[in-house]
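A short write-up of the structure that comes next.
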Amino acid sequence: MNRLKTMIVFLLLPFFYSAAQGVVGLKTNLLYGAVTFTPNLGVEIGLGKRTTLDLSAGYNPWNADGESKIAHFIVQPELRYFLNERFNGHFFGVHALYSQYNIKGHSHPMLFGKGSRDYRFEGNALGAGVSYGYQLLLGTHWNLEFELGAGYARLDYGKYNCGKCGTKIATVHKNYFGPTKAGVSLIYIIQ
């Protein structure tokens with residue numbers, strides 16, 4: 001519950017700051033939500049004529065079923081530069097990420113190696129990356145955003161045998177290079 005409160009405070013603070021900036025976007029990443037069944041929310045704040053600050057977070061506290069879970073919390077702030085004007089067209093971004101996770105019964109060979117479906121992984125990740133995206137204007141207050149990002153993350157986790165109270169097999173520290181962000185987001189613009 002503390003993580004959820006932290007996420008809400010983290011996402012609402014920019015509203016107070018952004019009042020003088022004139023434009024704020026509320027968003028949800030539909031792709032991320034559909035693939036991982038994770039409630040997520042983002043706030044994009046207009047900083048300048050071509051720059052914005054995107055603050056996005058997701059929190060998934062439950063098990064998908066009795067055999068698997070993808071419980072996690074993630075925060076991804078990103079500074080963006082638009083080639084045209086903010087909230088419109090092509091943009092490039094620099095993002096950071098922090099995540100805590102408890103994953104079981106899912107295959108993630110890029111993160112945890114081959115056979116990862118047979119184990120449970122509990123730990124955290126800290127990283128950064130670059131991204132490219134495009135915001136499509138749908139109407140006066142609505143945008144659709146497409147984004148891909150890649151970068152680095154430091155993974156620190158425990159590897160456990162599957163089962164309710166599986167025994168710890170190893171403690172792993174791993175450097176990951178690869179995709180760090182993907183999204184198709186629906187945005188409501190407040191002006």
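The values are calculated or read from the model by the stated rules, or taken from the named source; none is laboratory data. Quick caveat, the model's predicted, so the values are computed rather than measured. A quick note on method: Cβ atoms are made from the backbone with ideal geometry, for glycine too, and the neighbour counts reach across all protein chains shown. These area figures cover heavy atoms from the full protein model, side chains too; ligands, DNA and RNA do not enter into them. Shrake-Rupley method; radii C 1.70, N 1.55, O 1.52, S 1.80 Å.
When only Cα pairs below 8 angstrom with a gap of at least 6 residues are kept, segment 146-191 shows a relative contact order of 48 percent. Against the chain, whose longest principal axis comes from its Cα atoms, helix 2-18 is set at around 20 degrees. Solvent exposure of the chain, expressed per residue, is 53 Å² of accessible area, with all protein chains present and a 1.4 angstrom probe.
Positive contributions from Lys and Arg (+1) and negative ones from Asp and Glu (-1), summed over other residues with Cβ under 11 Å from the Cβ of Glu145, come out at -1. With the convex hull constructed from alpha-carbon coordinates only, segment 110-191 shows a mean projected area of 7.6 nm² over all directions. Here the alpha carbons of the chain define both size measures, Rg and Dmax, at 17.7, 55 Å. Build a GNM of the chain with springs between Cα atoms under 10 Å apart, and of Ala71, Ala153, Ala34 the one that fluctuates most is Ala34. Rounded to the nearest 20, the Cβ-based charge dipole of the chain about its Cα centre (Lys and Arg +1, Asp and Glu -1) stands at 480 debye. Arg154 contributes an accessible area of around 80 Å² to the protein surface, as traced by a 1.4 Å probe with all chains present.
Residues with beta-carbon under 15 Å from that of Val130, excluding Val130: net charge, scoring Lys, Arg +1 and Asp, Glu -1?
-1
Per residue, the convex hull around the alpha carbon atoms of segment 78-123 comes to 112 Å³.
Surface composition of the chain: carbon and sulfur atoms hold 65% of the protein heavy-atom accessible area at a 1.4 Å probe. Counting lysine pairs in the chain that sit 8 or more residues apart in sequence, or on different chains, and whose Cα atoms lie under 15 Å apart gives 11. Charge tally around Leu31: other residues with Cβ under 11 Å, Lys/Arg +1 each, Asp/Glu -1 each, net -1.
Largest GNM mean-square fluctuation among Asp54, Asp118, Asp156, using the chain with Cα springs under 10 Å: Asp118.
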